[in-house]
Amino acid sequence: MPDLLIELFSEEIPARMQTRAAEDLKSRITNGLVEAGLTYAGAAAFSTPRRLTLAVEGLLAQSPTLREERKGPRVDAPEKAIDGFLRGAGLTREQLEERDEKKGRVFYAVIEKPGRPAADIVAQVLEETIRGFPWPKSMRWGDGALRWVRPLHRILCTLTTEAGTAVVPLSLDGITASDVTEGHRFMAPAPFSVTSFEDYAAKLKRANVVLSAGERGETIWNDATNLAFASGLDVVEDKGLLAEVAGLVEWPVVLMGDIGAAFLDLPPEVLQTSMREHQKFFSVKNPGTGRIEKFVTVANRETADNGATILAGNQKVLSARLSDAKFFWENDLRVAKSAAGLTAWTDQLANVTFHNKLGSQKDRIERIAVLARALAPMVGADADRAEQAARVAKADLSSQMVYEFPELQGLMGRYYSAAAGLPADVAAACQEHYSPLGPSDDVPTAAVSIAVALADKLDTLTGFWAIDEKPTGSKDPYALRRAALGVIRLILKNALRVPLTKIFAENFWSADLMSFFHDRLKVYLKDEGIRHDVIDACLAMPGNDDLTLLVARARALSDTLKTEDGTNLVQGFKRANNILTQAEEKDGVEYSYGADPQYAEDPAETALFAALDTAEARIRPALADEGFAAAMQAMAALRPEVDAFFEAVQVNAESEILRRNRLNLLSRIRTVCLQVADLTRLDG
């Protein structure tokens, strides 16, 4: 079985496109081969800045011969019908077979499609893949019609067997496939031929090309951390930057340089952001002080001076970048410490439109401030402090630093609020009110931060709901699902008692948001293993806009249903409810009271009366104290008596007195069980 090696060698592929491109190459080639009848044992794709590579092992030498039988018309059918069958089968009349069947002799066409050599199939599939490759952006060059992300220079395509290596015959817009590739652009540019994937990978390594992006990343990280450790420092972990830099070099050479002393007092986040965004540098910090003191850069070549010239050039460019950052920082601090303080920035936000139907950013700040004040007592925050924080939380949007680095919004607000002499919890809220941004983001726990974070997200949700800009399908341009999840996590993490319906009614336009929150809550609780129908059973109970109460009830019910008594009691409840519902429909009355133990004829009836009395005595105080677990344990404890009752007693007895008494007893079962959740909404 031959092994296939493909390399598409081009000018530099943008780092952000490489991983996806390698996956696309693998899926499109392997899918095309399998569809053509060529199965394989395994495949692996690789990428570097100048090449996409695919290695396929254990490929069939040719596609199998296919034999197909087609049943045609009867032998005595009209000539037109027979001619049509011949055309469809691609055969002559002499090539047809005649077979006896119940309704007479019938024509059959036996069509054989001989297998094709692997080389022919590979050439066809590779050409189709290259011509239709799904680059996010592509270009044409020269006079050709071929499009690629950057000019394509070489196509290496070989099939290797025990007998040797053969080049797959393919020519594409003047590029002829071969067994030749090139090494590092500067360190080993001479072309060379290869005989297999192992030979290819080994020769590339000798030609200063590390084929695996993962291996390049490991080399960068290990060398960077070793250099930092030798100086008593730590590299700031940045997985996204590491993946990007690994896609910028074929032969990573790690160098560590100094940051000018004039910039060391900049906030570490400013240094890190500036170096990452503009220079693709890793930050190196002092573990004792947390201060960023050095940087790590990754060169794409070794030099005679061990990178000294490269470092000098990088440090010169970095100084220019950091000079801008320092200028922004110092100017912003002057504004923050001025008499006007952060108000100067919030006033400017009156000229910044949040949404044409929802007013300016300053209008939004006013709404958030009012709501934060209203929420403060519910979250244990000082109302004045919560309103103060809401009024300055977005002031840094007008700062020069955030204009340059939008990802620093909130964080810079914290620095500027502290510089303006505002209380620490107000400064913290400037940063934390954006959180949580995603399912893994930290949730604020400080009272003032919680108040502003809730107000911010609730204003977003109710505002866009009011102008009918709701999420539809997969579209959610204003991230309203994320905002709702943020509210849910803030409430549950901090065990807040927030009556959302009341808040909507008192502080916003009419906004029917609860069903949206309930849907997001189902998604959130799914990770806990809580079923949708369990939540539906709890949503039917009073107070379902109090998410902490709702989730406590749902968790207790979910835990109860995981026990044998819980699941069996639900079945008993449903049996009781079905019998009762049918009887009420038939009789036109409601059996909701009047069950009397003096009419109990069977010991199982007497035991059930006693068990219901005991359960009710435990459930009522438990529910009053919101002890849902205790209430549901008391409910589940009914299971033996309910089972025994249905085993021993016929509900629809001949005696009308007994029948009514037993139906009223079933009503007691229903009433007791429905106190904890609407069990009728459970599946099954």
Inset, instruction - Would you mind checking the radius of gyration and Dmax of segment 133-262 based on alpha-carbon positions, in Å? - result: 19.4, 66
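Hey, what did the chain get for relative contact order, percent, Cα under 8 Å, at least 6 apart?
Details: 1083 pairs, mean separation 48.6, N = 684.
Normalised by residue count, the contact order of the chain is 7 percent.
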Inset, instruction - Please work out, to two decimal places, the log10 of the ratio I(q)/I(0) at q = 0.18, 0.23, 0.26, 0.31 Å⁻¹ from a Debye calculation in which every Cα of segment 266-316 carries one identical scatterer. - result: -0.62, -0.87, -1.00, -1.19
Inset, instruction - Quick one: of Lys137/Lys203; Lys285/Lys326; Lys470/Lys522; Lys457/Lys502, which pairs are farther than 21 Å apart, Cα to Cα? - result: Lys137/Lys203
Inset, instruction - Treating each Cα of segment 368-416 as an identical point scatterer and ignoring solvent, apply the Debye formula and state log10 I(q)/I(0) at q = 0.14, 0.21, 0.29, 0.30 Å⁻¹. - result: -0.40, -0.69, -0.91, -0.95
Inset, instruction - Compute the length gained on full extension between Lys562 and Thr92: take 0.36 nm times their separation in residues and subtract their Cα-Cα distance, giving the result in nm to one decimal. - result: 162.3 nm
Legend entry - Using θ = phi - 60° and Karplus 6.51 cos²θ - 1.76 cosθ + 1.60, couplings along segment 364-381 (whole Hz; Gly, Pro as x): 5, 4, 4, 5, 5, 5, 4, 5, 4, 5, 5, 7, 3, x, 6, 10, x, 9
Inset, instruction - Can you pull the one-decimal nm distance between simple spin-label points at Ser474 and Glu407, each 7 Å off the Cα toward Cβ? - result: 2.5 nm
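Provide His532, His184 in ascending order of the number of other Cβ atoms located within 10 Å of each residue's Cβ, fewest first. Could the numbers behind the result be given before it?
Numbers: His532 14, His184 20.
Lowest to highest Cβ neighbour count: His532, His184.
Please give the FRET efficiency for Ala41 paired with Glu198, using the beta carbon to beta carbon distance and R0 = 22 Å, rounded to the nearest 0.05. Walk me through the numbers before you get to the answer.
Working: r = 15 Å, r/R0 = 0.70.
Efficiency for this residue pair is about 0.90.
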Legend entry - For segment 37-119, alpha-carbon Rg over 2.2 N^0.38 Å: 1.83
Inset, instruction - Calculate one ³J(HN,Hα) per residue across segment 674-681 by plugging θ = phi - 60° into the Karplus curve 6.51 cos²θ - 1.76 cosθ + 1.60, and present them in order as whole Hz with x for glycine and proline. - result: 6, 5, 8, 5, 7, 5, 5, 8
Inset, instruction - Output the Cα-based Rg and Dmax of segment 13-69 in Å, rounding Rg to one decimal and Dmax to a whole number. - result: 14.3, 51
Inset, instruction - Using just the alpha carbons, could you tell me how many Å³ per residue the convex hull of segment 213-335 encloses? - result: 98 Å³
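Scale the Cα Rg of segment 563-681 by the rule-of-thumb value 2.2 N^0.38 Å and send over the ratio, two decimals. Please list the in-between numbers first.
Values: Rg = 13.7 Å, N = 119, 2.2 N^0.38 = 13.5 Å.
Taking the Cα Rg and dividing by 2.2 N^0.38 Å, one obtains 1.02.
Take the eigenvalues of the Cα gyration tensor for segment 343-525, scale each by 5, and report the square roots as semi-axes in whole Å, largest first. It would help to have the intermediate numbers written out before the result.
On the way: eigenvalues 118, 71, 50 Å².
For segment 343-525, the ellipsoid semi-axes come out as 24, 19, 16 Å.
Can you give me the convex hull volume of the Cα atoms of the chain, divided per residue and expressed in Å³?
Details: hull volume 215.2 nm³, N = 684.
Given the Cα convex hull of the chain, per-residue volume reads 315 Å³.
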Legend entry - Helical contribution to [θ] at 222 nm, DSSP H n ≥ 4, -39,500 (n - 2.57), averaged over the chain, rounded to 500: -16000 deg cm²/dmol
Legend entry - Where labels lie 7 Å past Cα in the beta-carbon direction, separation of Lys574 and Ser323 in nm: 7.6 nm
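Note down the Stokes-Einstein diffusion coefficient of segment 364-466 in µm²/s, whole number, using a Kirkwood radius over alpha carbon pairs, 20 °C, and 1.002 mPa s.
Working: Rh = 13.4 Å.
D, rounded to a whole number, is 160 µm²/s.
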Legend entry - Two-decimal Rg/Rh across segment 277-428, once Rg and the Kirkwood Rh are taken from alpha-carbon atoms: 1.12
Inset, instruction - First obtain the Kirkwood hydrodynamic radius of segment 614-684 from its Cα pairs, then insert it into the Stokes-Einstein equation at 25 °C and 0.890 mPa s, and state the resulting D in µm² per second as a whole number. - result: 184 µm²/s
Legend entry - Kirkwood Rh in Å, taken over all unlike Cα pairs in segment 66-113: 10.8 Å
Inset, instruction - Sticking with the crude label model, points 7 Å out along Cα→Cβ, report the distance from Asn351 to Asp173 in nm, one decimal please. - result: 4.8 nm
Legend entry - Inverse mean reciprocal Cα-Cα distance (Kirkwood Rh) of segment 275-358, Å: 16.6 Å
Inset, instruction - Provide the gained length on full extension for the span Arg16 to Arg99, in nm with one decimal, where the gain is 0.36 nm per separating residue minus the Cα-Cα distance. - result: 23.6 nm
Legend entry - Protection proxy ranking, peptides 621-632, 479-490, 146-157, 70-81, average beta carbon neighbours within 10 Å, highest first: 479-490, 146-157, 621-632, 70-81
Inset, instruction - Grab the other residues whose beta carbon is less than 15 angstrom from that of Ala630, score K and R as +1, D and E as -1, and report the net. - result: -1
Inset, instruction - Give the calculated FRET efficiency between Asp683 and Lys280 to the nearest 0.05, with a Förster radius of 56 Å applied to their Cβ-Cβ distance. - result: 0.60
Inset, instruction - Counting only C-alpha contacts under 8 Å and six or more residues apart, can you give the relative contact order of segment 563-681 as a whole percent? - result: 42 percent
Legend entry - Alpha carbon convex hull of segment 55-181, volume per residue in cubic angstrom: 210 Å³
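Just so you know, all these numbers are worked out from the coordinates, no wet-lab data involved. Every value quoted in this text rests on a predicted model; they were computed, and no experiment measured them. In this analysis, Cβ positions are derived from the backbone assuming ideal geometry, glycine residues included, and neighbour counts consider all displayed protein chains.
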